[in-house]
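The values are calculated or read from the model by the stated rules, or taken from the named source; none is laboratory data. From a predicted model like this one, the values you see are computed outputs, not experimental measurements. No Cβ is skipped: glycine too gets one built from the backbone with ideal geometry, and neighbour counts run over all protein chains shown. SASA here: full protein model, heavy atoms, side chains in, ligands and nucleic acids out. Shrake-Rupley method; radii C 1.70, N 1.55, O 1.52, S 1.80 Å.
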Amino acid sequence: MTTPVYENFINGHFLKNQTGDTFAVKNPATDEVIYHVEIADEFIQNAAIESAKQGFAAWSAMTPIERSRILLKAVAILRERNDELAKVEVLDTGKPWQEAECVDVETGADVIEYFAGLAPAQVGQQQMVGNDFYYTRKEPLGICAGIGAWNYPLQIACWKSGPALAAGNAVIFKPSEETPLGAIKLAEIFIEAGVPAGVFNVVQGAAEVGQWLTANPNIEKVSFTGEVGTGKKVMASAAGSLKDVTMELGGKSPLLVFDDADVSQAVSAAMLGNFYTQGEVCTNCTRIYVHKNVYQQFIDELKTRTEQNIIAGDPMDPEVNLGALISKKHQELVLGYIDKGIQEGATLLTGGKALSPVSAPNGYFVEPTVFVDCKDDMTIVKEEIFGPVMSVLVFDDEDDVIQRANDTHLGLAAGVFTKDIQRAHRVIHQLQAGICWINSYGNSPAEMPVGGYKQSGIGRENGIETLDHYTQTKSIYVGMSNIESPF
Ligand code: NDP
């Protein structure tokens, strides 16, 4: 059976590369190649820049309200095609249909809708200075690059293009080579909605294509989602032409469960924050600190619910709530961490092995895995695993647990479960993380800014402030009287 070959999406249409080089994309749940994609060679790269220049000229000349109207059409199409797009995401990522169907497309559309609504409201300042005055304009940056990870491919493409396009920029987007189709679908939808050709281009390939984007002097900004180590390379490369950067990187986020917490709710949060999208979520609370008074109750309920309520299998089956990891290589990496946890003395409460479900026997599954009696210096407690592996630790003192929770170079997210409202705020204010939840975990509405402290990131996505990151301020001084000159 022949599989489709997708070309790069440049200037409003598919464009064939000259080298003929392609890469294969596999369905993680079946280990089968589902399509091929052409790699962006030099011809495509040059075409992408030219196209984005033209796209930028047309798009930035429109008023914000005109751009908003067009983007809202794209939002409507995204929602109409929810199921078709959700299926693309399931086949590319291996995540369960029951998630993609209600989260991936929806949260992407929400963000474009939010910024489409916000853009016309973005205003400059005006101030009198004696008889003269100045005013400011919020102008777009120009061509922005987006580089995405593989866990939420369409959502990431929407989260990056939403504010960028609303502010009047053009975008060249590179999805992960593991999950390239969602961004192509978005590019087609933008064209259908009336976004001019060249405003949103998709280039395909691995790190080399990303490196080309970060080094290219025609590009003004890079918004990157991926690992901390890659983020550092991207930033170093972007510095060569002093590009603005937004970095959405990894985490090793703590969840603190106090002894007055609703323990069942805390277990729900811990499971959501470790097993949703089979653990491949950047904000996951992979370090769960539980107060000693409720520790046994917490782990008993956690074990029961993990063993009884999780269904792994063909991700398209609506009953399945644990999908396949993105690749064989990643599955091996996650299993390697599990081995390390055992070697370093953590107690395996449940899980720990690869899974081969009857309905998807060749998929890259890993059992939902919980380690208890973990210590702060264990590798599984310190490093991001990005799979369904939870570490549970015990504490008995508030100040001490805050210090332990903060003892990491990462700072993406954090959570607190307690019924004591004063403690909830007191503790969360001391946690060094950019995205925090009290008696909740994981929700990320378009209105709320998200991004990391410390090495988890720079800048924010979503929320009002993000629009500023896609504009630059032009100050214009207006003389109202004769110039006083010594010359
Ligand atoms: P990677 O850092 O491996 O890759 C991210 C993207 O960067 C991919 O498109 C990749 O291409 C590309 N890339 C790789 N090397 C370079 C380079 N030198 N220059 C430019 N681009 C490059 O991350 P993953 O895809 O493995 O994603 C998982 C990571 O993403 C986790 O650490 C996770 O925490 C983080 N993440 C953070 C989020 C946040 O909002 N904070 C959200 C989601 C994930 P290719 O893959 O094609 O080689």
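Using a ≥ b ≥ c from the Cα gyration tensor of the stretch 1-143 (square roots of the eigenvalues), is it rounded, prolate or oblate, where a/c under 1.5 gives rounded and otherwise the larger of a/b and b/c decides, a/b for prolate? Provide the component values of the computation, followed by the final result.
Details: a/c = 3.32, a/b = 1.67, b/c = 1.98.
It comes out oblate by the Cα gyration axes.
Using a cut-off of 13 Å between beta-carbons, work out the net charge of the residues near V257 (Lys and Arg +1, Asp and Glu -1, V257 not included). If you can, show how the numbers build up before the last one.
On the way: positive: R287, K292, K419, R423; negative: D259, D260, D262, E301, D396, E398, D420.
For residues surrounding V257, the net value is -3.
Quick one: which of 324-332, 337-345, 365-373, 282-290 comes out on top by average Cβ neighbours within 10 Å, and what's the full order, highest first? Walk me through the numbers on the way to the answer.
On the way: 324-332: 20.3, 337-345: 15.7, 365-373: 24.3, 282-290: 26.6.
Ranking the peptides 324-332, 337-345, 365-373, 282-290 by packing returns 282-290, 365-373, 324-332, 337-345.
For a quick check: with amide H placed at 1.01 Å from N, whose amide H comes under 5 Å from T246's, ignoring anything fewer than 5 positions away on the same chain?
Counting only residues 5 or more places away or on other chains, the set is V222, S223, F224.
Taking every eigenvalue of the Cα gyration tensor of the stretch 139-206, multiplying by 5 and rooting it, what semi-axes result, largest first, whole Å?
Ellipsoid half-lengths, sorted descending, are 19, 13, 10 Å.
What ranking of R404, R426 comes out by heavy-atom accessible area, probe 1.4 Å, highest first?
Of R404, R426, the descending order of accessible area is R426, R404.
Determine the order of Y453, Y441 by accessible area, beginning with the largest, at a probe radius of 1.4 Å. Each step should come with its number before you reach the end.
On the way: Y453 105, Y441 20 Å².
Solvent-accessible surface, decreasing: Y453, Y441.
Per residue and in Å³, how big is the convex hull formed by the alpha-carbon atoms of the chain?
Here the figure is 169 Å³ per residue.
Tell me, what HN-Hα J-couplings in whole Hz come from the Karplus equation 6.51 cos²θ - 1.76 cosθ + 1.60 at θ = phi - 60° for each residue of the stretch 137-149, using x for Gly and Pro?
10, 9, 10, x, 7, x, 9, 10, 9, x, 10, x, 8
What does the convex hull of the alpha-carbon atoms of the stretch 84-160 project to on average, in nm²?
Computing the convex hull of the Cα atoms and averaging its projections yields 6.9 nm².
Kindly report the accessible area of the chain per residue (heavy atoms of protein chains, probe 1.4 Å, no ligands, DNA or RNA), in Å².
Averaged over the residues of the chain, the accessible area is 41 Å².
What distance in nm separates the two pseudo spin-label positions at R69 and D396, each 7 Å out from Cα along the beta-carbon direction?
Rounded to a tenth, the inter-label distance reads 6.8 nm.
Taking amide hydrogens as modeled 1.01 Å from N in the peptide plane, which residues meet the under 5 Å criterion relative to K26, leaving out close sequence neighbours?
Under 5 Å from the amide H of K26 lie the amide H atoms of I34, each far enough along the sequence or on another chain.
Calculate what fraction, in whole %, of the accessible area of the chain sits on carbon and sulfur atoms when a 1.4 Å probe is rolled over the protein chains.
It is 51 percent, rounded to a whole number.
List the aspartates and glutamates whose alpha-carbon lies under 16 Å from that of K73, not counting same-chain residues fewer than 8 positions away?
Of all the aspartates and glutamates, those that pass the test against K73 - Cα under 16 Å, at least 8 places apart if same chain - are E106, D110, E113, E188, E192.
Can you tell me, using C-alpha contacts under 8 Å and at least 6 residues apart, the relative contact order of the chain as a whole percent?
In percent, rounded to a whole number, it is 18.
Under the rule of at least 5 residues apart or a separate chain, name every residue whose amide H is placed under 5 Å from the amide H of V171.
Here C144, F200, N201 satisfy the definition.
Using only the heavy atoms of the protein chains and a 1.4 Å probe, how would L91, L410 rank by accessible area, largest first?
L91, L410
Rounded to two decimal places and with Rh computed the Kirkwood way over Cα pairs, what is Rg over Rh for the stretch 92-247? Each step should come with its number before you reach the end.
Details: Rg = 17.2 Å, Rh = 16.6 Å.
A ratio of 1.04.
By the scheme Lys and Arg +1, Asp and Glu -1, what is the net charge of all other residues having a beta-carbon under 9 Å from that of P153? Let's see the in-between values first.
On the way: positive: none; negative: E89, D92, D104, E178.
Counting the neighbours of P153, the net charge comes to -4.
For the ranges 472-482, 291-301, 156-166, 413-423, what's the packing order if you count other beta-carbon atoms within 10 Å of each residue, average per peptide, and put the highest first?
Values: 472-482: 10.1, 291-301: 17.3, 156-166: 28.9, 413-423: 20.6.
Result, highest mean first: 156-166, 413-423, 291-301, 472-482.
Kindly give the semi-axes, whole Å and largest first, of the ellipsoid equivalent to the stretch 291-377, taking each as the square root of 5 times a Cα gyration tensor eigenvalue.
Working: eigenvalues 128, 64, 13 Å².
Each semi-axis is √(5λ); the values are 25, 18, 8 Å.
Rg and Dmax of the stretch 329-487 over Cα atoms: what are they, in angstrom?
When restricted to the Cα atoms of the stretch 329-487, Rg and Dmax are 23.5, 88 Å.
Ordered by residue, what ³J(HN,Hα) values in Hz, to whole numbers, does the stretch 121-126 give under the Karplus form 6.51 cos²θ - 1.76 cosθ + 1.60, where θ = phi - 60° and Gly and Pro are x?
With coefficients 6.51, -1.76 and 1.60, one gets 8, 6, 10, x, 10, 8 Hz.
Using per-residue counts of other Cβ atoms within 10 Å, averaged over each peptide, order 24-35, 40-51 from highest down.
40-51, 24-35
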